[in-house]
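Written below as structure tokens is the structure these notes are about.
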């Protein structure tokens, strides 16, 4: 029944949105899907290693394999994301039990709570997180990587149990799961650092024979799991290629600790300006209504206090170490995205649950029985209200997300009505959506230059431009979207066809 309780919120939101949303939006999901059902699927059929791609292939591998069962459809990607989204709260509860509740002694009135109350609470907090709901219904790698690393954390904590002898199977499972998380999203390589420290600490206490045997077995499993990434990269290095497969983002990524104090960045995504400095924004992100809300996020502090006070290696390295690694990484990167906070949701949820436990223990020390009961009831009410607000925020986020996709599809229908069937369309921002759903030949404005634009102008087919002009001028100054728009203004005749706010549809003709 615990599995049902933890899986129900994610399954419920998927059921509500399933008929309205196919999991594709923006840009990255289309890239994942096209790669999975295109070159990767063909490579698997030929029993070849994954071909080069922008990001690690862990998620598209599962999508391609699922497509052999459900067919070539975006639903294959949704099934993978949904399954991972359902598993993440379950793995969180198991992880919390091993890292905190196992072998704990209770000596207060709170001991009447079931021994699994804290793991269950941590799992529920994850299951009620709005960002997890959204990420579970889209064709993206977030939930897959998160489920894998959480499973690895659980297995590693299980390996760290005090009873002897330890089974190498748990360490091997941990190594394989964390390796798969890394093969899905590179950021989890940072989480592997405190995890490896904890594993080394355990091995150091096991005797050198056991340490060597278990350590080599775990390393072998990790290398086997990472083979689809490592082999193509080694081949690329041997051939002196300029781009490493699956590492395009890493090659253009920038990280600077000082970014934590900045709020304006120039990146491959243009000029990004934010209200708050990066470090502050990511520090308060757990209080957002799409995560723990302002009600429950403050419970992180007593939870962190309890972990530090306990001075145990497992919660310090596996829980605090995981959360800290992700926070430092994102605080020093030049982007602010609520989706990125998902990467340390499980350890933060565990800290909140421990915070609830800590506050309950404090309240249990109240001497007057009536006042003590009233305080504990107030805490329980506070917790229930907080979780209700989380669910409300999650519903608002997911519903708004699906509504935006509906608006995009409605806009595409407008574009089709306003352009002839043989029209060619230059677009930016909505390009991939147009290429998948519109019956028009669509080109990405970002990838054009003077020669290609001239060729499109010389073609016999009518040419149109769909662009957010204000965004191109503010965020993309000096970069292809704005430069190409200005070139068209100077060398072609742009006539406004329709204002599809914030986009404008232009007809592009040869200049007289």
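So how far, in whole Å, is the C-alpha centre of the stretch 142-179 from the one of the stretch 324-386?
24
Provide the packing ranking of 137-144, 411-418, 190-197, i.e. peptides ordered by the mean count of other C-beta atoms within 10 Å per residue, highest first.
137-144, 190-197, 411-418
Can you work out the FRET efficiency for the pair residue 414 and residue 287, with r the C-beta to C-beta distance and R0 = 41 Å, to the nearest 0.05?
0.60
What is the log10 of I(q)/I(0) for the stretch 410-464, computed with the Debye formula using one identical point scatterer on each Cα and no solvent, at q = 0.13, 0.19, 0.20, 0.21 Å⁻¹?
Log-scaled intensity ratios, in q order: -0.30, -0.63, -0.69, -0.75.
Using only the Cα atoms, what convex hull volume per residue in Å³ does the stretch 307-446 have?
Residue-normalised Cα hull volume stands at 138 Å³.
To the nearest Å, what is the center-to-center distance of the stretch 264-313 and the stretch 480-502, using C-alpha atoms only?
If you average the Cα positions of each part, the centres end up 40 Å apart.
In the chain, what percentage of the DSSP-assigned beta bridges are antiparallel, given to the nearest 5?
That works out to approximately 70 percent antiparallel.
Considering only DSSP beta bridges where both residues belong to the stretch 419-510, give the percentage that are antiparallel (nearest 5).
60
If you fit an axis through the alpha-carbon atoms of helix 75-96 and take the longest principal axis of the Cα set of the chain, what angle between them do you get, 0 to 90°, nearest 10?
Approximately 20 degrees, to the nearest ten.
Could you give the angle, 0 to 90 degrees to the nearest 10, between helix 345-364's Cα long axis and the longest principal axis of the Cα atoms of the chain?
With both axes taken from Cα atoms, the answer is about 40 degrees.
For the stretch 400-459 and the stretch 60-78, what is the separation of their Cα centres, given in Å?
Spelled out, the Cα-based centre of one part sits 26 Å from the other.
Scaled to the compact-protein estimate 2.2 N^0.38 Å, what is the alpha-carbon radius of gyration of the stretch 399-512, rounded to two decimal places?
Scaled against compact globular proteins, the figure is 1.02.
Between residue 385 and residue 446, what is the label-point separation in nm under the 7 Å Cα-to-beta-carbon projection?
Going from the residue 446 label point to the residue 385 one covers 4.4 nm.
If packing is taken as the mean number of other Cβ atoms within 10 Å per residue, what is the order of 359-367, 346-354, 481-489, highest first?
Going from most to least packed, we get 346-354, 481-489, 359-367.
Between residue 471 and residue 3, what is the label-to-label distance in nm when each label sits 7 Å out along the Cα-to-Cβ direction?
Between residue 471 and residue 3, the simple spin-label model gives 4.3 nm.
Any idea what diffusion coefficient the stretch 188-249 gets from Stokes-Einstein, in µm²/s, Kirkwood Rh on alpha carbon pairs, 37 °C, 0.692 mPa s?
Calculated translational D: 239 µm²/s.
When a/c reaches 1.5 or more, the comparison of a/b and b/c decides; with that in mind, is the stretch 214-335 rounded, prolate or oblate per its Cα gyration tensor?
Oblate is the answer for the stretch 214-335, as a/c is 1.5 or above yet b/c matches or exceeds a/b.
Taking N as the number of residues in the chain, what value does Rg over Cα atoms divided by 2.2 N^0.38 Å take?
Cα Rg divided by the expected 2.2 N^0.38 Å: 1.08.
Compute the relative contact order of the chain as a whole-number percentage, counting only Cα pairs closer than 8 Å that sit 6 or more residues apart in sequence.
Computed value for the chain: 15 percent relative contact order.
Go through 318-327, 31-40, 62-71 and give me the packing order, highest mean Cβ count within 10 Å leading.
Going from most to least packed, we get 318-327, 31-40, 62-71.
Rounded if a/c is under 1.5, else prolate if a/b is larger than b/c, else oblate: which is the stretch 240-307, with a ≥ b ≥ c the root eigenvalues of its Cα gyration tensor?
prolate
With labels modelled as points extended 7 Å from the Cα through the Cβ direction, what inter-label distance (nm, one decimal) is found for residue 490 paired with residue 70?
Modelled inter-label distance: 4.9 nm.
For n ≥ 4 DSSP H runs only, could you compute -39500 (n - 2.57) per run for the chain, divide by its residues and tell me the 222 nm figure to the nearest 500?
After summing the helix terms and dividing by the residues of the chain, the value is -19000 deg cm²/dmol.
Relative contact order for the stretch 419-510: what is it in percent, counting Cα pairs under 8 Å that are at least 6 residues apart?
Contact order relative to length: 29 percent.
Laboratory data are not the source of any read-out in this text; all were calculated from the coordinates shown. Nothing here was measured: the structure is a model prediction, and the numbers come from that model. Here Cβ is always computed from backbone atoms with ideal geometry, including for glycine, and neighbour counts include all displayed protein chains.
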